[in-house]
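The values are calculated or read from the model by the stated rules, or taken from the named source; none is laboratory data. Quick caveat, the model's predicted, so the values are computed rather than measured. All Cβ positions, even for glycine, are placed from backbone atoms using ideal geometry, and neighbour counts span all protein chains on display.
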Amino acid sequence: MYQNNKGYGYENIAKKFLIDKNYEILEENFTSRFGEIDIIAEKDGRIHFIEVKGRIDTKYGYPREAVTLSKQKKLRTAAKYYFMLLGRDDFPCQFDIIEIILNDRKINHIENAF
């Protein structure tokens, strides 16, 4: 299985998880010259910029550990660009990580991760 296909599968799992938790999915794979945001969702008037990371197991660490400071900076910049496209910058928002560990059948939603 190619890496992109794995990522797509993890994002589908995350999307279903969010929908089951009453999030409204606004965008998937939002791409700009500043970077990509896996999922942009809304719940209770708050925009969630969500990075999805998955692994088969934790042999080489937890998926969330792959969201480096550099990646966080790119996500913040892409989020600012997203708000610019909307013509607004006053939405309450946060940055979340959804990590999926397949062998453990575990999904962790880390809210306000950074």
Notebook entry, point to check: Which condition does ASN4 not pass, out of (1) part of a helix (DSSP H, G or I); (2) among the polar types (S, T, N, Q); (3) at pLDDT 95 or above, if it passes all the others?
Noted result: (3)
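Here's the yes/no breakdown for (1) surrounded by 15 or more Cβ atoms within 10 Å (Cβ to Cβ); (2) under 23 Å from ARG88 (Cα atoms); (3) among the acidic types (Asp, Glu); (4) in contact with a helix residue (DSSP H, G or I) (Cβ under 9 Å, 6 or more places away or on another chain):
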site: LEU18; (1), (2), (3), (4): yes, no, no, no
site: LYS53; (1), (2), (3), (4): yes, no, no, yes
site: LYS59; (1), (2), (3), (4): no, no, no, no
site: ALA66; (1), (2), (3), (4): yes, no, no, no
site: LEU69; (1), (2), (3), (4): no, no, no, no
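I'd like the full set of residues that are among the acidic types (Asp, Glu) and without any contact (Cβ under 8 Å) to a residue 24 or more places away in the chain, limited to the stretch 11-37. Step through it out loud before you land on a result.
So the first thing to find is which residues in the stretch 11-37 are among the acidic types (Asp, Glu), and the list is 11, 20, 24, 27-28, 36.
ASP20, GLU24, GLU28, listed by residue number.
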Margin query: Out of GLU42, GLU65, GLU28, I need the residue that is touching a Leu at 6+ places or on another chain (Cβ under 6 Å) and among the acidic types (Asp, Glu). Which one?
Written below: GLU42
Item checked: Close pairs from the stretch 76-91: first closer than 18 Å to ILE50 by Cα, partner surrounded by 14 or more Cβ atoms within 10 Å (Cβ to Cβ) and of a type in the set (Ser, Thr, Tyr), Cβ under 7 Å, at least 6 apart -> ALA78/SER32; TYR81/SER32
Checklist line | Criterion (more than 15 Å from ALA113 (Cβ to Cβ), exposed (fewer than 14 other Cβ atoms within 10 Å of the Cβ) and of a type in the set (Phe, Trp, Tyr)) met by exactly one of PHE83, PHE30, PHE91 | finding: PHE91
